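What follows is a short report on a single structure.
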């Protein structure tokens, strides 16, 4: 899924805080419905703190942030990945499931 809504959008797409726009959880909730996913048993891998916020708001318990820092907010655990090529870290994310 991708969100077309943005503060720089034109016409009806010019919505900065649309429910589908991260850090809102709309895209994750929509994907869960379409794919019959249990978000409480899912994790998110992203490259921006907004990705982690969306995961936390959607009820996920953990996320993996590329070039990020480890943290734990309200039971949502963020683990760092060194970069997009961090195969060991991605394997750890998969094994965490």
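Could you work out how far helix 26-35 tilts from the main Cα principal axis of the chain, as a 0 to 90 degree angle to the nearest 10?
70 degrees
Could you give the nm distance between label points at residue 31 and residue 70, where each point is 7 Å from its Cα heading toward the beta carbon?
Those two pseudo-labels are separated by 2.5 nm.
To the nearest 500 deg cm²/dmol, what mean residue ellipticity at 222 nm is calculated for the chain from DSSP H runs of n ≥ 4 alone, each contributing -39,500 (n - 2.57), summed and divided by the residues?
Mean residue ellipticity, 222 nm, calculated: -8500 deg cm²/dmol.
Suppose we keep just the DSSP beta bridges with both residues in the chain; what percent of those would be antiparallel, to 5?
Approximately 25 percent, going by the DSSP bridge assignments.
Cβ neighbours within 10 Å, averaged per peptide: list 52-58, 28-34 in order, most packed at the top.
The most tightly packed comes first, giving 52-58, 28-34.
Quick one: if the Förster radius is 30 Å, what FRET efficiency do residue 85 and residue 2 give, using the C-beta to C-beta distance and rounding to 0.05?
Computed FRET efficiency for residue 85 and residue 2: 0.80.
Every number here is computed from the coordinates shown, using simple stated rules; none is lab data. No experiment lies behind these values; they were computed from the predicted model shown. Neighbour counts are summed over all protein chains in view; Cβ atoms, including those assigned to glycine, are modelled from backbone coordinates with ideal geometry.
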